[in-house]
Amino acid sequence: MLLDARDSQDASAVARAVGEAARTLAAGELVGLPTETVYGLGARADDDAAVAKIFAAKGRPADHPLIVHVPDVGAAQVFAADWPALAQRLAARFWPGPLTLIVPRAPGVGGAAAGGQDSIGLRCPAHPVAQALLREVKALGVPGVAAPSANRFGRISPTRAAHVVEEFGDALLVLDGGDCEVGIESSIVDCTRGHPVLLRPGMLSRAQLEAAAGEPLADPDAAAPRASGTLEAHYAPRAKLRLMAGPMLNTALQMLEGSTLKLAVYSRTVPAPKAVRGLRHRRMPDQAAQAAHELFSALRELDAEDVPLIWVEEPPADPAWDGVRDRLQRAAAA
Ligand code: TXA
Ligand code: MG
């Protein structure tokens, strides 16, 4: 069921929607919730039985850790055995915002959410509805909300409330906070290794993160903890997605002129060929932030055309595109 908490609603209607979602979470049930990155499928993080419902609904293996969402740094420390100076520097600069920090987990709390690991992923989201919800559940004695992206395991992350309903059906209570502004998942920095490790790129640039950390970010090695968002094949549409450099995509499309092949094309510089009858074209925005904002809904829409193939033009090599490139590479690996 959708509960409208968009900013087009009046404040008291939003407060009622948030209140109902908070009581549902406190009672140990699941709620779909908006964040500025993507929608999450939430459960109270201090209740292993509630968290187990997330794994069951998503079809996600129980040893894949989830992110715990907190209203502030104080609440984060409920779940942390230790709050490294590095985590503090990054949180001070980027929270609330699209950044997840991996820190040592406090024993006895958040075990199921952490997938049994002795570390835990924490994020303070900036979306005003998420903030209001987290403050409200805190008042009900809930220190944090575990929430992976609200999609079935391995599939495209949701950036609209309607996507969450598509994934889980109408029985789930979903707080509608409008379209997610950022559009791809948070950057994840592991703060448990003595030096920062970028486990997943997002829309915060490496340069911004390094400036706040005061040191370079390392890339994950084989010893890095498992992150399902870092599995090769992820974010998969039903169609086979291929990523191609602009010139190659252009040549391939020219070879199709006059044919009736069914396919979808998502390109930034390569124009749509005129004489391919089964072709659906969508233009990728020129700016990385705009491309991230619409990436998952564009892939969902192209996938809904029931084409067997989606050809996507490779994003520019610029670091501003790291997050978008990462998601497209994973979608292509599926
Ligand atoms: O933007 C986001 O981060 C969204 C919204 C809902 O906040 N959430 C999200 O959650 O993307 P999920 O579960 O789809 O991805 C969480 C990522 C996974 O790759 C997971 O493995 C990693 O965070 N993660 C969580 N806890 C971890 C830990 N203790 N160690 C290593 N990776 C961890
Ligand atoms: Mg996910």
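The values are calculated or read from the model by the stated rules, or taken from the named source; none is laboratory data. Note that this is a predicted model, so its numbers are computed, not measured. Here the Cβ positions follow ideal geometry from the backbone for every residue, glycine too, while neighbour counts run over all protein chains shown.
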Inset, instruction - Out of D63, D82, report the one residue that is over 14 Å from S186 (Cβ atoms), free of Cβ contacts under 8 Å to residues at least 40 places away in the same chain and assigned by TED's automatic domain parsing to the domain that holds S8. - result: D82
Inset, instruction - Among what's in region 145-155 and is near ligand 1 (Cβ under 10 Å from one of its atoms) and assigned to a loop (DSSP other than H, G, I, E, B), pick the residue that is surrounded by the fewest Cβ atoms within 10 Å (Cβ to Cβ). - result: F153
Inset, instruction - Please state which one of P84, P125 is more than 16 Å from ligand 2 (Cβ to nearest atom) and in contact with a Ser or Thr (Cβ under 8 Å, 6 or more places away or on another chain). - result: P84
Inset, instruction - Pairs only if they're at least six apart or on different chains, beta carbon under 8 angstrom, first in region 182-195 and farther than 20 Å from L33 by Cα, second more than 8 Å from ligand 1 (Cβ to nearest atom) and modelled with pLDDT under 95; list them, first residue then second. - result: D190/P220
Legend entry - Residue pairs meeting the criteria (Cβ under 6 Å; at least 6 apart or on separate chains; first among the β-branched types (V, I, T), in region 301-318; second at pLDDT below 95 and in a loop (DSSP other than H, G, I, E, B)): V307/A239; V307/K262; I310/A239
Inset, instruction - Filter region 55-113 down to residues that are β-branched (V, I, T) and more than 23 Å from G183 (Cα to Cα), then give me how many there are. - result: 4
Inset, instruction - Go through G59, G28, G40 for me and flag whichever is of a type outside the set (F, W, Y), surrounded by fewer than 19 Cβ atoms within 10 Å (Cβ to Cβ) and within 13 Å of ligand 2 (Cβ to nearest atom). - result: G59
Inset, instruction - Give the residues of region 9-25 that are without any contact (Cβ under 8 Å) to a residue 60 or more places away in the chain and not hydrophobic (A, V, I, L, M, F, W, C), sorted by residue number. - result: Q9, D10, S12, R16
Legend entry - Looking only at region 1-25, and only at residues there that are charged (D, E, K, R) and over 14 Å from V142 (Cα atoms), the one that is farthest from ligand 2 (Cβ to nearest atom): D10
Inset, instruction - Only residues that are in contact (Cβ under 8 Å) with a residue 12 or more places away in the chain and surrounded by fewer than 24 Cβ atoms within 10 Å (Cβ to Cβ): list them for region 167-181, please. - result: E167, F168, D170, A171, L172, L173, D176, G178, D179, E181
Inset, instruction - Considering only region 289-300, state which residues are free of Cβ contacts under 8 Å to residues at least 40 places away in the same chain and buried (at least 20 other Cβ atoms within 10 Å of the Cβ). - result: A291, A298
Inset, instruction - Could you tell me whether any residue of region 245-252 is touching a residue at least 40 places away in the same chain (Cβ under 8 Å) and within 30 Å of V197 (Cα to Cα)? - result: yes
Legend entry - Pick from region 192-208, criterion under 24 Å from Q131 (Cα atoms) and touching a strand residue (DSSP E or B) at 6+ places or on another chain (Cβ under 8 Å), ranking: surrounded by the most Cβ atoms within 10 Å (Cβ to Cβ): G202
